[in-house]
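Everything below concerns the one structure shown next.
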């Protein structure tokens with residue numbers, strides 16, 4: 001049995017799953033643009049874990065656009081990023097449809113087009129130019145820097161980019177029109193480190209890969225915060241995204257004078273399952289395995305009983321204070337494949353952020369949209385609210401910590417870490 005550090009009261013989660021997505025779609029869609037007001041520069045008092053209630057209806061606004069808001073999604077549908085962009089591209093379509101059913105933005109239906117970037121930097125730049133040539137005035141971007149950076153270079157401020165699932169703060173640059181829809185790697189890694197310390201775990205090992213900064217940066221940030229709080233990281237073990245066996249690293253952990261209390265990694269499935277199974281086989285199943293949003297994106301709970309007792313950072317969870325369950329219900333009714341809850345909800349957020357900016361500015365001019373996004377405060381979105389004013393393009397959002405219990409993710413707590421690496 002795995003050691004558990006789950007608090008006494010947990011909320012169980014039911015998963016909405018479906019199948020299949022087209023590689024490229026073009027359609028009119030949308031969800032209600034969220035209401036912002038020019039005088040809402042001071043957010044109301046909130047505490048970590050608390051969000052404002054969400055209303056997914058389209059607010060009335062004195063805005064009549066001359067041209068429609070047209071959103072393009074540079075989606076990685078075939079490679080590593082498909083775990084977020086396949087459900088994300090469908091979720092964005094659902095939100096666009098919802099907005100259009102409610103009257104559109106500025107009196108016009110939102111238009112939406114998807115381009116598959118295939119996990120390739122060159123294909124990403126071609127897709128970016130195609131989207132711009134087709135007249136998009138806003139773009140949703142892929143999850144990793146390997147394709148996100150080429151997209152940013154190709155667009156270069158010609159349209160705002162909201163990186164729907166990326167947690168890489170290097171992709172957030174309002175001066176170039178780039179924003180994240182999520183918290184950053186520093187924030188989620190810090191949250192997991194503070195969570196581990198709060199539960200009395202003072203020793204750790206980490207697993208990291210240089211194949212992408214996501215897999216190396218998160219362990220570095222975790223180590224900085226964990227050790228800064230008095231913990232000790234005994235060792236970092238390297239791996240590759242191509243690896244299918246971790247027995248060397250597991251044997252090295254078994255040879256330590258004392259096993260660590262926790263193991264932290266940004267690894268994704270199916271590698272995570274292999275690691276968990278090999279830890280159990282080596283008699284190390286009591287080590288608490290901690291992860292970040294990649295555990296959520298690739299549904300670590302699907303590993304079965306071996307995943308019980310795992311904890312990870314997530315972007316959202318269905319609660320009365322957010323619109324996640326309503327959106328999942330709407331997506332299921334529309335036949336969309338929203339298997340990974342966080343990344344469907346984040347895509348809905350991205351559309352709502354762009355719709356809010358167009359409504360607030362009553363414009364789809366690129367420069368105007370960029371400057372408007374950069375000043376948004378407490379904008380209601382599916383996952384809660386987002387604020388960009390003064391954040392450098394990384395919105396202020398809670399980290400939701402989930403555990404795995406009985407083969408399902410369960411809510412543990414929501415927090416904003418106190419010590420965030422620079």
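Every number here is computed from the coordinates shown, using simple stated rules; none is lab data. The model shown is predicted, which means the values in this text are computed figures rather than measured ones. All Cβ positions, even for glycine, are placed from backbone atoms using ideal geometry, and neighbour counts span all protein chains on display.
Among 188, 352, 249, which one shows the highest mean-square fluctuation when the chain is modelled as a Gaussian network with alpha-carbon springs under 10 Å?
Top of the fluctuation ranking is 249.
Which of rounded, prolate or oblate describes region 173-254 when judged by the alpha-carbon gyration tensor and an a/c cut-off of 1.5?
oblate
How much of the DSSP bridge set in the chain is antiparallel, in percent, rounded to the nearest 5?
40
Quick check: the angle from helix 213-228's long axis to the longest principal axis of the chain, C-alpha only, nearest 10 degrees?
60
In a Gaussian network model over the chain where Cα atoms closer than 10 Å are linked, find which of 227, 258, 305 has the largest mean-square fluctuation.
Among 227, 258, 305, the largest mean-square fluctuation in the Gaussian network model of the chain belongs to 258.
Pick from 130, 339, 111: which residue has the top mean-square fluctuation in a GNM of the chain where Cα pairs under 10 Å get a spring?
The residue that fluctuates most here is 130.
Separation of region 117-178 and region 266-284 by C-alpha centroid, Å?
Here the two parts' Cα centres lie 34 Å apart.
May I ask you to derive the relative contact order of region 284-422, considering only C-alpha pairs under 8 Å and at least 6 residues apart, and to give it as an integer percent? Please report the intermediate quantities before stating the final value.
Details: 203 pairs, mean separation 36.4, N = 139.
This gives 26 percent for region 284-422.
Please work out whether region 301-422 counts as rounded, prolate or oblate from its C-alpha gyration tensor, where a ≥ b ≥ c are the square roots of the eigenvalues and a/c under 1.5 means rounded, while otherwise a/b larger than b/c means prolate and anything else oblate?
Numbers: a/c = 2.81, a/b = 1.56, b/c = 1.80.
Because a/c hits 1.5 or more and a/b fails to exceed b/c, region 301-422 counts as oblate.
Would you mind calculating the relative contact order of the chain from Cα pairs under 8 angstrom and at least 6 residues apart, reporting the percent as a whole number?
Details: 1044 pairs, mean separation 105.7, N = 422.
Contact order relative to length: 25 percent.
In vacuo Debye scattering of region 71-215, one point per C-alpha: log10 I(q)/I(0) at q = 0.14, 0.15 Å⁻¹?
Rounded to two decimals, the profile gives -0.69, -0.77.
Measure nothing but the geometry: give the 0 to 90° angle between the long axis through the Cα atoms of 185-198 and the longest principal axis through the Cα atoms of the chain, rounded to 10°.
For helix 185-198, the angle is close to 40 degrees.
Taking only Cα atoms, what is the 0 to 90° angle, nearest 10, from helix 82-101's long axis to the longest principal axis of the chain?
Tilt relative to the chain: about 30 degrees.
Decide, for the chain, between rounded, prolate and oblate: order the square roots of the alpha carbon gyration tensor eigenvalues as a ≥ b ≥ c, take rounded if a/c falls under 1.5, and otherwise choose prolate if a/b is larger than b/c, else oblate. Working shown, then result.
Details: a/c = 1.86, a/b = 1.70, b/c = 1.10.
Prolate.
For Cα pairs less than 8 Å apart in space and 6+ apart in sequence, what is the mean separation divided by the residue count of region 179-324, i.e. the relative contact order in percent? Display every interim value, and only then the final one.
Values: 226 pairs, mean separation 34.9, N = 146.
This gives 24 percent for region 179-324.
Going by how many other beta carbons lie within 10 Å of each one, how would you line up 401, 420, 338, 373, fewest first?
420, 401, 338, 373
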